[in-house]
Amino acid sequence: MNELMTQAVDLMIAGMGFVFAFLIVLVLATMIMSKLLNRFTAPEPATPARASRAKPKAQSSVDPDTAEAIKQAVAQFRLRHKK
Amino acid sequence: MNELMTQAVDLMIAGMGFVFAFLIVLVLATMIMSKLLNRFTAPEPATPARASRAKPKAQSSVDPDTAEAIKQAVAQFRLRHKK
Amino acid sequence: MNELMTQAVDLMIAGMGFVFAFLIVLVLATMIMSKLLNRFTAPEPATPARASRAKPKAQSSVDPDTAEAIKQAVAQFRLRHKK
Amino acid sequence: MDKLMTLWTGSGLFNIEIGQAIMIVVCLGLLYLAIRKGFEPLLLVPIGFGGILANIPEAGLALSAAENAIHVAKPEVLAALAGALDVAYQVGQAITPDVLGAFKSAYHTGSSAEVAMANNLASDFGYGNGMLHNFYLVIIGSTVGPLLIFMGVGAMTDFGPLLANPKTLLLGAAAQFGIFGTVLGAALLDWMGILDFTILEAAAIGIIGGADGPTSIYVSSVLAPHLLGAIAVSAYAYMALVPLIQPPIMKALTTKKERAIKMSQLRPVSKREKIVFPLVVLIAVVLFLPDAAPLLGMFCFGNLMRECGVVERLSDTAQNALINIVTIFLGLSVGSKLMAEKFLDGQTLGILALGIVAFGVGTAAGVLMAKLMNKFTKDPINPLIGSAGVSAVPMAARVSNKVGLEANPQNFLLMHAMGPNVAGVIGSAVAAGVMIKLLS
Amino acid sequence: MDKLMTLWTGSGLFNIEIGQAIMIVVCLGLLYLAIRKGFEPLLLVPIGFGGILANIPEAGLALSAAENAIHVAKPEVLAALAGALDVAYQVGQAITPDVLGAFKSAYHTGSSAEVAMANNLASDFGYGNGMLHNFYLVIIGSTVGPLLIFMGVGAMTDFGPLLANPKTLLLGAAAQFGIFGTVLGAALLDWMGILDFTILEAAAIGIIGGADGPTSIYVSSVLAPHLLGAIAVSAYAYMALVPLIQPPIMKALTTKKERAIKMSQLRPVSKREKIVFPLVVLIAVVLFLPDAAPLLGMFCFGNLMRECGVVERLSDTAQNALINIVTIFLGLSVGSKLMAEKFLDGQTLGILALGIVAFGVGTAAGVLMAKLMNKFTKDPINPLIGSAGVSAVPMAARVSNKVGLEANPQNFLLMHAMGPNVAGVIGSAVAAGVMIKLLS
Amino acid sequence: MDKLMTLWTGSGLFNIEIGQAIMIVVCLGLLYLAIRKGFEPLLLVPIGFGGILANIPEAGLALSAAENAIHVAKPEVLAALAGALDVAYQVGQAITPDVLGAFKSAYHTGSSAEVAMANNLASDFGYGNGMLHNFYLVIIGSTVGPLLIFMGVGAMTDFGPLLANPKTLLLGAAAQFGIFGTVLGAALLDWMGILDFTILEAAAIGIIGGADGPTSIYVSSVLAPHLLGAIAVSAYAYMALVPLIQPPIMKALTTKKERAIKMSQLRPVSKREKIVFPLVVLIAVVLFLPDAAPLLGMFCFGNLMRECGVVERLSDTAQNALINIVTIFLGLSVGSKLMAEKFLDGQTLGILALGIVAFGVGTAAGVLMAKLMNKFTKDPINPLIGSAGVSAVPMAARVSNKVGLEANPQNFLLMHAMGPNVAGVIGSAVAAGVMIKLLS
Ligand code: NA
Ligand code: NA
Ligand code: NA
């Protein structure tokens, strides 16, 4: 083996060792965090959080009046569609 | 009083004096401007200006055809709703 | 004529000559390209390309469900409108 | 094994200093306030996160190439830097903290040419500017960041209420007493021997009383960059606390009857007046205070784009994409000034203490000015709108409205308070211009 | 009192020069034209505003650190600069206008290294680059601004009409006669002793005839940066005036019968052709005119992003956020070249006079070329679409359409005119490349 | 005639070298793959286009001012540069390729100060930095580009699936074997005398196995900038080929029964956990690997902006306008490294060959790790999700899902595979930090 091979092997050992060590620590830290958060804080609905974030976009391009009118139209339509 | 105190007092006198002077000038200039503009130019409806600016957004994401169709649907709906 | 005039005349001759030469080459290249593309590739509807590009905008601000509902409402409306 | 040793001796756990640990906790606290308590999150989230990044041991994200090289302190690199920075050091000499201190102070007091040469040398040895250091140089060092934020704020500002009642500009003037009063306060602390400040530092601290983020950052970056972190954090934190700070002062200085004063409805303002107003402000700046030109010029430019109605595209971008991009970098850059050695200092406590004084004095001055004006004008002014003159847009105007509603449930002051509120922005930019003119 | 005196002697009113006052009025006029008359507002609002900022007395927003230091003219600072710029000056020597002139000219003719050293020294004495100066360096000095605008324009351009009828590229070639004819016009003015121009200045003025904003700014920033302000203002103003300038010329050179010619409908163009076309243009640039590579390369890149259909995100950004951000800074940077001492000059009047000649000659050449082509092709060409070859997208195409409708209410020329219209953009970018190649 | 001659001798057709022609064809091929085959078009369209621009003969778009001056090789300019770069050359001496080679190598090995001086001199003679060279310096040279992309990716990443099953982080660790295995492969090629690599080059090539674009660009810009073009192209191309590369390996290492394993449904994850997680990662970085701080710090910052829910504006901008702008410039900058003389080289072939090995090894390691974990945990893990640990988000997770469906049509693995998929991003950023720490 030449010097480059030695260096590469060294790098692999140190690198994979460290990557695993780091991610194992992260697994543990994450588990502890989840446990602590779910124990010490009030329960909270998990999904709405995401949904509510997605909707109120900064630049809604349909103005509120139109949107409301559309919603009513759609509701009306659905009502009829059901019948 | 040490030198810093003197400097601070000086700065306060010059600063507050200038801020007031500047803003008094601005009050007068603004009043004169409003008077001139409202006297020498044709009257103009004040509110529509803002409204018109808000609507024609650069990136309307509903294409015009769809929009028109929706508007017609909504109008139709309202007509019925009234009855 | 002073030197600047000479330079300007030279620049005009070289410039207009080159601009025409370049654009004539471009005319020919474009024609050849169009011919090759239209001969060796399967025919493709020309207009939808543009239309399809306009629609799937990155940030459609109407969420898909609403959009579908609207489309149905509009279709329903058109159906009635026809009658 | 050798390599694992390198990783361990280069790790944060091995190198962390107590100050860094404290600062990381402080920054986590800032994030908590921003996210859970809603303290000006647009700035405090990036500032808090940037503060953590700046305090990562050995990462040197907030340091220049030369500072990073000095921190690592290889003898041959120090020898090269010694030449550039004119420090007495020879290879072989023991590298004591004193020696490193000499390098650091030579770097900070060096001329532009020396600093450039030191950084060039450090980069030849493989050291680079930290990411946050680059952000700071480009966004704050060049002053472009706060100015672009100001342009965006201008593009979001409606001067309608101010134009309907221009007298309220004077409330925005009075509230600047908070700025200069705080300068006096800092001088007092210095005189009493509690803390040491220079006049530049005192002025930079005073600007907290302007209750306006970009103005605070701009002024402190010009007058006292080493205090920028503490000043910006203080300014944004107290702006978020305006609903707690202002009401007691407002109530203490007014009678219930005064607080219940109903103001006459604002006249409609034409589009033309709104277009011409930023130009009037600009001309006033041209004639009277060129040193306020960067701040007020960009502010007026943003407002003209908004009102002129023919450059919608640009106005939209100034209010959205551009201001958001700049906010991200500005926040991280401010965070880079939250390094332990610069922040954990008696001065920071002084700045936090003086900051709340600044807000209080400005609030009081605005209210008192409104009471004074009431003696001279026929249209009654509710003194509660005076407190909005500190700026803290739009929080302070909402506070005026809320306190007004408590006294009289029919008394809607919001639009009336928007006049002094935006006047306060102009007022503190003028005060900033005066301080820069007289001191720098 | 002392401090109030400092404020007064530093105020604009105390220091304003007549030239600055005139320029501020001129810039207010530009804003009026942009806002009330709709003269290319996206550029002229920022340019006009930037022009006012550049002329604020004592603010030095458009000056470099060294220029600001020379303006203030403290003896010790001048002494330091004298060493860097190799000017004969000693502390104690009277500071006459001549001395300051010597410093200024040494600065402007100095080597990069001298200029850098002078700016470093000035910054050590506390002077900084003005905000607009920084914008100019980054956006125009690096040439990145006009190129990004060109990329955005490419992303907004539909080459469909051109691809349906590639012959119309020749109309875009002919209209470039406006460019070179104007160079000749400038040489003529020089020969007649009315004004002095170098060939570089004449060429930069000629580019106004390209009727294309970013190309004009790019070329004049390379060939004659000191004329950039006047050239850009002239180009944008006349582009806005195209509906007034072109119709009389078009009518004078055509008969009513010619104007009423109906053109056959354009064939549909496939998506594939649109994708490959920008690459064809790029390859032609590679083979024949590398000096047009920056301009046409970015233009083709923008168009490829638009047409390829797989990078919507990037195309959207190039057409919106990015081009808007660059437009704001580009406009302010151009405005920085509207400083009185550089703008109030006989050359500016010459540039304005030659600019309208450029548009007229280009229009005429396009129309005549169309008439000539009509003699050789079987599909008739309405000569009115020739005038669209000057570019001024899309105004010139609309003018063709309007004049055509006047002659024959059923004659819709808009789509046919879009071909030569975008060809004119390519044509003037090629002309720009030729001039840069031959002259710089 | 003289001028037409200048145009001809300056044309691409006259000057093109065979290497440039080949590279243009290669880049057209990249564009074809990106546009017609959907190979990571967001990056490969700008990279391919930038590659064509970089190979335009005589345009010098990817060269610095000094390199352009050396290419033109005017005797008086070379004489000036000889002084700055310490090359033995005198006016009058024949300008052989050897002489130019000496200048080029002196420029590339020169100190920062020498390089700056050479560029200053070249600009005094009228040469400028090419457009792409400037883009490269600002976007990649400063490392800001990849970091901002990483921030945007963080703002687009949902760590929900990972938080629901944190063990899958280990799959993201195992897949990094692709990185270090490839370093070994490169060393092997060197040992066998097939190609020459340094350890820095081998490490930079290894990072292709991270299957993550911005990480690859970041690491290679730090460790081996001259290989950046080939490494980035290789990384993006193989990421697009993941649906072809991975399935055979996945099937070879698993039984049909293993592939049909159904995993239990993921538990819901609270918003709070999602907010705190990026801070947990950041603290781990602080404590253990400061050298990963730039990459993982920006990634966590983006994710915190996304999840905290109070800075929508900033998160939206980070995910859209900002990342798009940076992507355009980053792609063009990477393209600037596709110059013929740097790219057409045996090393490039080696990089392409090693790149596919990297993906294969990473895939295999992930699958085997999953099988190993299955022996120790009670909740069964489908080994197919192991391959998603290489990152290549979200392509690799989709591949896991697809192969899983083939074995069992009711077996939806997509959400389960997203966990290791984003873990792979963290894993390769950690590996990047380790390599930078140990080697630079
Ligand atoms: Na204020
Ligand atoms: Na043109
Ligand atoms: Na990875």
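The values are calculated or read from the model by the stated rules, or taken from the named source; none is laboratory data. Just so we're clear, the structure is a prediction, and the values are computed from it rather than from any experiment. Every residue, glycine as well, gets a Cβ built from its backbone with ideal geometry; the counts of neighbours run over all protein chains shown. All accessible areas refer to the heavy atoms of the entire protein, side chains included, with ligands and DNA or RNA removed. Shrake-Rupley method; radii C 1.70, N 1.55, O 1.52, S 1.80 Å.
Per-structure values
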quantity: Count of segment E:406-426 residues which are in contact with a Gly (Cβ under 8 Å, 6 or more places away or on another chain), more than 16 Å from ligand 2 (Cβ to nearest atom), hydrophobic (A, V, I, L, M, F, W, C) and in contact (Cβ under 8 Å) with a residue 12 or more places away in the chain; calculated: 1
quantity: Within segment D:11-54, tally of residues that are at the interface with another protein chain (Cβ under 8 Å from one of its Cβ atoms) and buried (at least 18 other Cβ atoms within 10 Å of the Cβ); calculated: 14
quantity: Segment D:427-439 residues that are more than 7 Å from chain B (Cβ to nearest Cβ) and closer than 19 Å to E:PHE125 by Cα, paired with ones that are open to solvent by 10 Å² or more (accessible area, probe 1.4 Å) and more than 13 Å from ligand 1 (Cβ to nearest atom) (beta carbon under 6 Å, 6 or more apart); calculated: D:ILE436/D:VAL222; D:ILE436/D:ASP291; D:LYS437/D:ASP291; D:LEU439/D:LEU200
quantity: Odd one out for D:ALA202 among (1) farther than 23 Å from B:ALA14 by Cβ; (2) open to solvent by less than 10 Å² (accessible area, probe 1.4 Å); calculated: (1)
quantity: All positions within segment E:152-184 that are open to solvent by less than 10 Å² (accessible area, probe 1.4 Å) and under 18 Å from the mean Cα position of the chain (by Cα); calculated: E:GLY152, E:GLY154, E:ALA175, E:GLN176, E:GLY178, E:ILE179, E:PHE180, E:THR182, E:VAL183
quantity: Filter pass, F:ILE149 being closer than 28 Å to F:VAL326 by Cβ, open to solvent by 10 Å² or more (accessible area, probe 1.4 Å) and away from ligand 3 (no atom under 16 Å from the Cβ); calculated: no
quantity: From the options F:GLY433, F:GLY346, F:GLY355, F:GLY362, residue that is on the phi < 0 side of the Ramachandran plot and surrounded by fewer than 24 Cβ atoms within 10 Å (Cβ to Cβ); calculated: F:GLY346
quantity: Single match in F:LEU30, F:LEU63, F:LEU53 (criterion: out of contact with any strand residue (DSSP E or B) (no Cβ under 7 Å at 6 or more places or on another chain), outside any helix (DSSP H, G or I), within 20 Å of F:HIS226 (Cβ to Cβ) and in the same structural domain as F:MET117 (by the TED database)); calculated: F:LEU63
quantity: Filter result (under 21 Å from F:ILE179 (Cβ atoms) and surrounded by fewer than 21 Cβ atoms within 10 Å (Cβ to Cβ)) within segment F:365-392; calculated: F:LEU368, F:LYS371, F:LEU372, F:MET373
quantity: Residue check for E:VAL403: away from ligand 1 (no atom under 16 Å from the Cβ), in contact with a Phe, Trp or Tyr (Cβ under 9 Å, 6 or more places away or on another chain) and either among the aromatic types (Phe, Trp, Tyr) or touching a residue at least 40 places away in the same chain (Cβ under 8 Å) (or both); calculated: no
quantity: Condition check for D:LYS257: part of a helix (DSSP H, G or I) and more than 22 Å from the chain's Cα centre (by Cα); calculated: yes
quantity: The one condition in (1) at pLDDT 90 or above; (2) surrounded by fewer than 17 Cβ atoms within 10 Å (Cβ to Cβ) that A:ALA51 fails to fulfil; calculated: (1)
quantity: Enumerated helices (runs of 4 or more DSSP H) restricted to segment E:149-226, each holding at least 2 residues that are out of contact with any His (no Cβ under 8 Å at 6 or more places or on another chain), away from ligand 2 (no atom under 16 Å from the Cβ) and more than 9 Å from chain C (Cβ to nearest Cβ); calculated: E:199-206, E:213-223
quantity: Long-range neighbours under 9 Å by Cβ, at least six apart or interchain, first residue closer than 15 Å to F:ALA432 by Cα within segment A:2-24, second of a type in the set (S, T, N, Q) and assigned to a helix (DSSP H, G or I); calculated: A:ALA14/D:THR6; A:VAL19/F:SER428
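Residue-by-condition table, conditions (1) of a type in the set (A, V, I, L, M); (2) within 11 Å of chain B (Cβ to nearest Cβ):
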residue: D:LEU352; (1), (2): yes, no
residue: D:PHE359; (1), (2): no, no
residue: D:THR363; (1), (2): no, no
residue: D:MET369; (1), (2): yes, yes
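The rows are residues; the columns are (1) within 14 Å of another protein chain (Cβ to nearest Cβ); (2) over 23 Å from D:GLY386 (Cα atoms); (3) open to solvent by 50 Å² or more (accessible area, probe 1.4 Å).
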position	(1), (2), (3)
D:TYR236	yes, no, no
D:PRO248	no, no, yes
D:MET263	no, no, no
D:GLU273	yes, yes, no
D:PRO278	yes, no, no
D:VAL285	yes, yes, no
D:LEU289	yes, yes, no
